[in-house]
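The values are calculated or read from the model by the stated rules, or taken from the named source; none is laboratory data. This one's a predicted model, so the numbers in the text were calculated from it and none came from an experiment. Cβ atoms come from the backbone with ideal geometry, glycine included; neighbour counts cover every protein chain shown. Note: areas computed on protein heavy atoms with side chains; ligands, DNA, RNA excluded. Shrake-Rupley method; radii C 1.70, N 1.55, O 1.52, S 1.80 Å.
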Amino acid sequence: MNTPKTRTWKTTISMVAVALLLAGVTVAQPPIVSGGSGPRAAARAGGGHPGAREMNRLIEFLQLDDTQKAQWKAAHEAQAEAVKPIFEDLRANQKALHGALSSDTADATAVGTLMLAGRDLQKQLGALHEQLRQDLEAILSPEQLERWKAFEAANGGGRGERGRGRRGPRGGGPHGGGPGGGQG
């Protein structure tokens with residue numbers, strides 16, 4: 001039976017489900033940042049990565065030679081250019097999704113379509129991240145690759161496993177206490 005009360009419950013359940021999905025997509029996305037000041041804003045304005053200091057520590061820990069450093073930098077710059085339009089699309093998608101959810105007459109189909117589009121954009125980012133990883137691994141010698149794997153293991157397997165924006169336990173790589181112990 002499709003009574004007004006049943007429709008209300010279906011709508012409520014649908015909106016809760018969409019809100020939970022939106023929360024998951026939002027957590028998985030990079031922060032939307034504009035303006036600001038300080039070293040992170042300067043890094044963004046200059047096209048650099050906000051984690052440049054950590055990246056430099058990793059490069060030192062891996063003991064990259066000058067050729068490898070240039071290749072490493074070029075791979076990151078190429079990836080940064082490749083993700084820019086996807087991030088722009090994600091921002092637009094998130095804004096549209098917010099608008100759709102804020103409406104008094106939210107259309108579940110439109111919200112669902114936006115959610116699926118956001119998920120597809122996240123998958124594109126994941127594919128680009130994996131490509132960068134493969135490109136970086138190709139630059140490294142077998143010994144450096146082992147050091148990188150040890151570094152990641154000591155640091156929680158990479159940023160994704162500790163959660164976005166959380167630091168998780170230190171203790172390896174160039175930070176001391178783990179493989180390499182800051183030697184390098």
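Looking at this structure, is residue 96 closer than 30 Å to residue 149 by Cα, among the hydrophobic types (A, V, I, L, M, F, W, C) and in a helix (DSSP H, G or I)?
Values: closer than 30 Å to residue 149 by Cα: no; among the hydrophobic types (A, V, I, L, M, F, W, C): yes; in a helix (DSSP H, G or I): yes.
Here the answer is no, as residue 96 does not meet what is asked.
If residue 111 satisfies all but one of (1) assigned to a helix (DSSP H, G or I); (2) out of contact with any Leu (no Cβ under 8 Å at 6 or more places or on another chain); (3) β-branched (Val, Ile, Thr), what's the number of the condition it fails?
Just one mismatch for residue 111, condition (2).
Answer with yes or no whether residue 82 is under 18 Å from the mean Cα position of the chain (by Cα), closer than 30 Å to residue 143 by Cα and at pLDDT 55 or above. Walk me through it before giving the result.
On the way: under 18 Å from the mean Cα position of the chain (by Cα): yes; closer than 30 Å to residue 143 by Cα: yes; at pLDDT 55 or above: yes.
For residue 82, the condition - under 18 Å from the mean Cα position of the chain (by Cα), closer than 30 Å to residue 143 by Cα and at pLDDT 55 or above - is met.
Residues that are modelled with pLDDT of 85 or more and open to solvent by 60 Å² or more (accessible area, probe 1.4 Å): does region 153-167 have at least one?
Yes, region 153-167 contains a residue that is modelled with pLDDT of 85 or more and open to solvent by 60 Å² or more (accessible area, probe 1.4 Å).
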